[in-house]
């Protein structure tokens, strides 16, 4: 079994901030985090490297006080990582929402200008040219088409994921036993890291709840769910439901 340590770097451009808005702060540099992969257990093909690096940064590098503006198809096209203003909590403050909306819309507008002008061979401003070069130097110029529609924001989850790692030890043995008894891979016990970061109080905007993020319709078939009892909030019962699903 051979372990390979690969180093990757996220390419960021701070030039976009100056082009997007007046007096916007320059984001701090993003730390480079190596990825240790075991290809025999978890293959990491080169085609997936941009996605792997992006999500590693989301979960292990960027904190909840940072928000990346990036392309949702070409994941290594990370335009900027913005530092949120003011005190940072679980949700955005009104000031932070306005801050992000301003940056997002300015960048989206700049991307639209680049798309429109390159399609008609119109001259670009220096800021537009830098943005076009940033995209086309990593992919073909075809990647410029639709770039404004692919713009996405992603908040860092480092603290939340770290807390999930701390909590997970309480449940690991019980969850593994559930999946082992069901004849399933024990490593399914890791799923709550992605679903909820092991936060039992987690609830989604679409109605999923608990550590395993069951939707009401699914939970009703696998556990008790009524006005008095919601077993989605019981980690072990929910794990048993996941094993039966």
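Computed quantities for the displayed model
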quantity	calculated
Residue within the range 142-158 that is more than 30 Å from residue 102 (Cα to Cα) and in contact (Cβ under 8 Å) with a residue 12 or more places away in the chain present	no
Contacts under 8 angstrom Cβ, first residue in the range 173-190 being touching a residue at least 24 places away in the same chain (Cβ under 8 Å) and assigned by TED's automatic domain parsing to the domain that holds residue 236, partner assigned to a loop (DSSP other than H, G, I, E, B) and surrounded by 14 or more Cβ atoms within 10 Å (Cβ to Cβ), 6 or more apart	189/171
Odd one out for residue 49 among (1) at pLDDT 55 or above; (2) more than 14 Å from the chain's Cα centre (by Cα); (3) part of a loop (DSSP other than H, G, I, E, B)	(3)
Residue among 176, 150 that is modelled with pLDDT of 95 or more, surrounded by 13 or more Cβ atoms within 10 Å (Cβ to Cβ) and within 20 Å of the chain's Cα centre (by Cα)	150
Subset tally (residues that are part of a loop (DSSP other than H, G, I, E, B) and more than 18 Å from the chain's Cα centre (by Cα)) for the range 179-205	6
Residue that is farthest from residue 127 (Cα to Cα) [pool: residues in the range 18-46 that are modelled with pLDDT of 55 or more, in contact with a helix residue (DSSP H, G or I) (Cβ under 8 Å, 6 or more places away or on another chain) and assigned to a loop (DSSP other than H, G, I, E, B)]	44
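The values are calculated or read from the model by the stated rules, or taken from the named source; none is laboratory data. Treat the numbers as computed from the prediction; the structure is a model and nothing was measured. Positions of Cβ are generated from backbone atoms using ideal geometry, with glycine treated the same way; all protein chains shown enter the neighbour counts.
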